[in-house]
Every structure is written in C-alpha cells, then in structure tokens.
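The structure appears below as structure tokens.
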Amino acid sequence: NQLAHYLREVHLVGPDVLVGLCIERSFDMFVAILGILKAGGAYVPLDPNYPTSRLEYMASDAKLALVMSSSSVASRLPKGDYTSVLLDDADLISELALQSDICISDDQTGMMSDSLAYVIYTSGSTGQPKGVMLEHRGAVNMTLAQQQLFAVQLDSRVLQFASMSFDASVSEWMMALLSGASLHLVSDEVKASPELLLDYLQQEGITHATLPPAYFRHFDTKAQLPLQCLILAGEDFELDVVAPWLDKVHIFNAYGPSEGTVCATVKALHKEHKVLGIGHPIANVQVYVLDEQQQLLPQGVAGELYIGGVGLARGYLNKPELTASKFIDNPFYDASSTNSSPRLYRTGDIVRFLADGNLAFIGRVDDQVNIRGFRIELDEVTCRLNQCDSVHSALVLAHGQSIEQQLVAYVKPQKTETGNKWLLDIKTYLNEKLPNYMVPSVVLPVDEWPLTANGKIDHNSLPTLESRHLEGHYVPPETDTQKVLVTIWADLLKLDPSSISITANFFELGGHSLLSVR
C-alpha cells in the first residue's frame with residue numbers, strides 16, 4: 001500500500017502505465033510487483049542478467065518512464081530516458097515509513113479487468129524481442145483454474161522457480177498468493193543443480209512445483225518427495241521421463257503460449273497413457289484445430305492450434321501489424337454465447353485431437369523451438385549472427401529430440417577471416433547481444449552452402465556435429481581418470497574420443513548445465 005501510494009502520487013502510475021522492474025529474485029521483487037499492480041500499473045520484467053543492449057531495446061520499446069531496481073544491480077541498468085527508483089534507497093524507505101496508514105482501495109486505481117497487468121518480452125523472429133501485453137482478467141482466470149486443477153490450499157507450499165522474465169513465474173506467484181499459500185524463492189545456484197533442487201524440495205516441504213521436464217532425467221527416482229502436485233511445462237518430452245514418479249505425485253502436463261496467459265490446456269498424466277497429450281482447455285478458454293483455410297478439422301487430423309477465450313493477450317506492444325497477423329477475427333464467434341471469444345490467437349503449433357478429446361502436440365509450422373523451457377525463435381538468433389562483422393551468412397537449427405535439443409549455428413565466415421578468429425568474434429558478439437539460453441552451444445563452419453534443386457539450403461548435407469572442429473593444441477589423456485572423463489564426454493557430446501584434449505572446455509564443445517549433470 002505504501003509503495004503503491006508513492007507510485008501513484010509521485011510517478012503518476014495508473015492504469016496501463018508500464019513500469020520496468022530490473023531486480024534480482026528476492027522478497028523486494030514481489031513488494032515491487034504488488035506495489036505496481038496495487039497502483040493500477042503494469043510491470044515489465046527486465047532481467048539484470050540479460051545483455052545491456054537487449055535491456056536497452058526493451059526499455060526503449062516499452063517507452064518506460066520509470067524503472068524500479070535495487071542497489072545490488074543498479075550498475076546493470078540500461079541507458080535510457082527514464083527515472084530509476086531503488087527499493088533499498090534509505091530516503092525512499094523513510095518516505096514510505098511516513099505512509100504506514102495508507103490504504104488504497106481497488107476503485108481508487110481506476111483499474112478494470114481489461115487493464116494491463118504485465119508485459120512480457122519473448123523471442124522475436126525479426127532479430128529483436130517482442131512485448132506481449134497481458135491483462136488482469138486473463139491472469140485471474142488462469143490462477144483460479146489452476147487453483148482448482150492443482151488443489152492449491154492455504155497450507156500449500158509453492159515453488160517460485162521460473163525467472164520473472166518468463167511467464168511461468170506469473171502462474172507460480174499468483175497461484176500461491178491468491179490462495180493464501182506460501183511462496184518459496186529458490187536461488188539460481190540451486191536451480192542450476194538438479195541434486196541441490198531435489199534437496200531443496202525436501203527441506204522446504206514443497207507441495208507444488210512447475211519444472212521443465214529436463215530436470216527429471218537427473219532426479220534420483222528412489223528419492224521421497226513431499227510434492228503433491230508437479231506441473232511440467234515449457235517443452236515437449238517423452239512419458240518415460242516421468243514414469244517413475246507417476247505413483248508418487250500427481251503430475252500434469254501444462255501447455256500455453258505467453259499470448260494466452262501462460263496456461264491454455266492441462267492434462268493429468270497416468271501410467272496407462274500411450275500418447276503424451278497437452279490436454280483439455282482450462283476454464284473460459286477455447287481451442288480449435290484448423291487447416292490453412294481456417295476450417296475445422298476432424299478428430300485425428302493434424303492442423304494448427306488456435307486459442308480463444310479470456311486469456312488472450314491484448315496484442316504485441318507497438319506492433320499493430322504483427323498483432324493483426326497473429327490475433328485474428330474468430331470465424332466461429334457467437335455473440336450470444338459466454339463461451340465464445342471475438343478473437344483467436346494463431347499459436348503456430350501443430351496438434352490433433354485424440355479419441356478421448358485431449359490434444360496431442362506434433363510440432364511447429366515455423367522455426368520456433370522450446371529448449372529446456374525457453375521459447376526461442378531461431379530466426380532471431382540467425383538474424384543476430386548475420387549482423388556480426390565476421391559472418392558472411394548463417395543458419396541456426398535445433399538438433400536432437402525432445403529434452404536433448406541444443407542450438408547449432410552453421411556459419412560461412414567472411415573471406416577476410418583467417419584461422420579461428422571468426423569463431424572467437426562470434427562467441428563474443430552473441431554473448432553481448434543474446435541471453436545465455438539463446439547462444440548456440442555449437443558453431444560449425446561451412447565453406448559453401450549445400451543447396452537443394454530449388455535453391456534452398458539442404459539441411460541434410462550440412463556438416464554433422466561429429467565433424468566439428470575442436471580448438472587448441474591436442475593433449476591426450478594419460479591418467480585413468482582423464483581417460484574415463486574423455487570417454488564420458490565423447491558419449492554425451494557425440495564426439496570421437498581421440499579428438500578431445502584434456503585442455504578442452506566442456507561448454508565450448510557443446511555441453512550445457514543439465515548435460516554436465518548427466
């Protein structure tokens with residue numbers, strides 16, 4: 001209440017006013033979020049770990065006049081024409097203390113159910129992220145549906161796992177706080193280690209958690225978990241990943257794009273299931289499987305998934321053309337029905353209805369992928385690569401199946417480049433422009449692009465991962481431990497053991513954090 005009053009009176013925060021939030025995961029982060037919402041505004045997460053150029057673009061694109069932060073990350077704030085407020089500033093704390101008796105009622109804010117609650121930036125195919133505008137009614141509807149589906153109670157203990165830059169975080173904190181349950185913030189150090197995370201779940205007595213399926217490859221299946229409900233989301237996976245846990249905890253597969261307010265469909269998983277589905281729509285959400293002419297397809301026939309209902313985003317911030325192309329008029333709209341929405345969102349996901357009415361996920365109509373819970377537009381990474389001075393042309397693909405996927409960049413260097421300097425330039429450039437999860441784990445050079453008969457790049461003729469060049473002077477393994485490690489690396493990274501030097505870097509060879517745990 002104190003912070004909301006300050007934001008309203010000093011910074012004129014009200015309905016549809018966007019406030020940036022650049023702060024580390026902490027109690028203060030939720031004070032800031034609730035203060036912004038209580039003032040009637042909408043928050044825009046700015047991950048302080050993102051590259052500066054990306055944060056500057058987001059702040060500029062959102063036309064932020066105010067960014068809330070803390071002294072610990074103040075040095076990472078992007079340049080921009082905005083006012084920054086540090087939550088731990090002594091003067092601010094003193095000023096808020098003078099307003100201890102302030103109480104703002106909902107009708108004072110002027111906020112309505114269709115007012116903005118938050119703007120989340122997702123990967124964009126044009127080379128820059130795009131802001132998705134989400135409203136209160138969608139967030140509240142999603143929360144109430146999940147409370148019922150996942151049986152969240154006053155004594156529940158909900159894990160806050162997702163970064164605030166990802167929409168799954170909204171599901172976690174709203175599901176907990178709107179139920180009166182407790183919310184438990186896990187540190188980045190614990191998140192990076194499945195073993196530490198498993199210990200944390202046990203020590204904190206976590207009853208509800210939303211996790212990427214990849215983590216369950218690394219959990220001890222004999223472990224006893226306090227979990228009552230596990231929600232898997234963010235990527236496709238095989239049922240065998242969670243099979244050992246199905247007798248121990250209620251497991252749900254949740255699906256939904258940011259444009260549909262986090263969660264659109266849910267399926268409870270059981271041992272007898274043969275096909276991993278994404279389930280039925282949650283309350284007040286409609287789903288349609290349509291062909292290219294936007295005609296309904298019968299059960300069993302694959303088509304693009306369209307979503308309708310109260311969870312639809314308002315659209316993309318400052319991108320009316322993109323909004324018009326993705327949020328279309330509903331050809332089946334019935335104004336007399338409360339179960340019909342005037343707009344539909346084109347998800348780009350290919351699905352089909354199963355005999356039991358559940359939806360089964362098949363793939364994508366474009367180059368968007370989900371890797372370890374992160375939504376990535378391959379075109380954005382490719383676009384960034386092509387802007388690097390050392391690159392003549394590039395292509396980025398996802399290799400591997402399900403939770404084993406990784407990004408691979410194929411690069412034709414500029415002719416002026418000699419040696420491997422181009423590779424170092426690329427890695428440096430991408431780390432300055434993209435979040436870590438969007439940087440390809442493998443970069444392969446090509447002299448000329450192999451083409452198909454119609455002039456397109458022949459993906460099947462591109463260099464294989466096994467052929468990638470390993471940098472540095474080769475130093476062979478000598479001790480038994482070194483030989484064992486080289487064998488393990490070769491198996492995980494799909495490399496010839498004789499090519500792995502004991503001076504090599506696991507991550508530069510294509511490894512990632514979860515693969516290192518294996």
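In table form, for the structure just shown:
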read-out	value
Criterion: open to solvent by 40 Å² or more (accessible area, probe 1.4 Å) and in a helix (DSSP H, G or I) - qualifying residue of SER53, SER84, SER60	SER60
Residue selected from the stretch 466-495 under the condition surrounded by 11 or more Cβ atoms within 10 Å (Cβ to Cβ), assigned to a loop (DSSP other than H, G, I, E, B) and charged (D, E, K, R), by the criterion modelled with the lowest pLDDT	GLU471
Qualifying residue in the stretch 434-456 (condition: basic (Lys, Arg), closer than 29 Å to VAL391 by Cα, surrounded by 14 or more Cβ atoms within 10 Å (Cβ to Cβ) and modelled with pLDDT under 80)	no
Residue in the stretch 87-121 that is most open to solvent (accessible area, probe 1.4 Å), counting only those that are free of Cβ contacts under 8 Å to residues at least 40 places away in the same chain, assigned to a loop (DSSP other than H, G, I, E, B) and more than 30 Å from ALA168 (Cβ to Cβ)	LEU98
Test result for GLN202, over 23 Å from VAL439 (Cβ atoms) and modelled with pLDDT under 95	yes
Answer from ASP389, ASP366, ASP356 - the residue that is farther than 25 Å from CYS263 by Cβ, out of contact with any Pro (no Cβ under 8 Å at 6 or more places or on another chain), open to solvent by 40 Å² or more (accessible area, probe 1.4 Å) and not polar (S, T, N, Q)	ASP389
Among the candidates LEU96, LEU87, residue that is touching a Ser or Thr at 6+ places or on another chain (Cβ under 7 Å) and over 25 Å from ARG375 (Cβ atoms)	LEU87
Scan of the stretch 269-284 for residues that are outside any loop (DSSP other than H, G, I, E, B) and either open to solvent by less than 20 Å² (accessible area, probe 1.4 Å) or modelled with pLDDT under 95 (or both), ordered by number	GLY277, ILE278, GLY279
Residue selected from the stretch 174-189 under the condition under 21 Å from ASN49 (Cα atoms) and part of a helix (DSSP H, G or I), by the criterion least open to solvent (accessible area, probe 1.4 Å)	ASP188
Which listed residue, of LEU7, LEU12, LEU34, is over 21 Å from SER165 (Cα atoms), open to solvent by 10 Å² or more (accessible area, probe 1.4 Å) and hydrophobic (A, V, I, L, M, F, W, C)	LEU12
Residue that is nearest to VAL158 (Cα to Cα), among those in the stretch 227-248 that are touching a Phe, Trp or Tyr at 6+ places or on another chain (Cβ under 8 Å) and open to solvent by 10 Å² or more (accessible area, probe 1.4 Å)	ALA233
The stretch 140-169, residues that are modelled with pLDDT of 95 or more, over 13 Å from ILE206 (Cα atoms) and touching a helix residue (DSSP H, G or I) at 6+ places or on another chain (Cβ under 6 Å)	THR143, GLN146
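The values are calculated or read from the model by the stated rules, or taken from the named source; none is laboratory data. Because the structure is a prediction, the values reported are computed rather than measured. Neighbour counts are summed over all protein chains in view; Cβ atoms, including those assigned to glycine, are modelled from backbone coordinates with ideal geometry. Please note that ligands, DNA and RNA were not included when accessible areas were found on the heavy atoms of the full protein model with its side chains. Shrake-Rupley method; radii C 1.70, N 1.55, O 1.52, S 1.80 Å.
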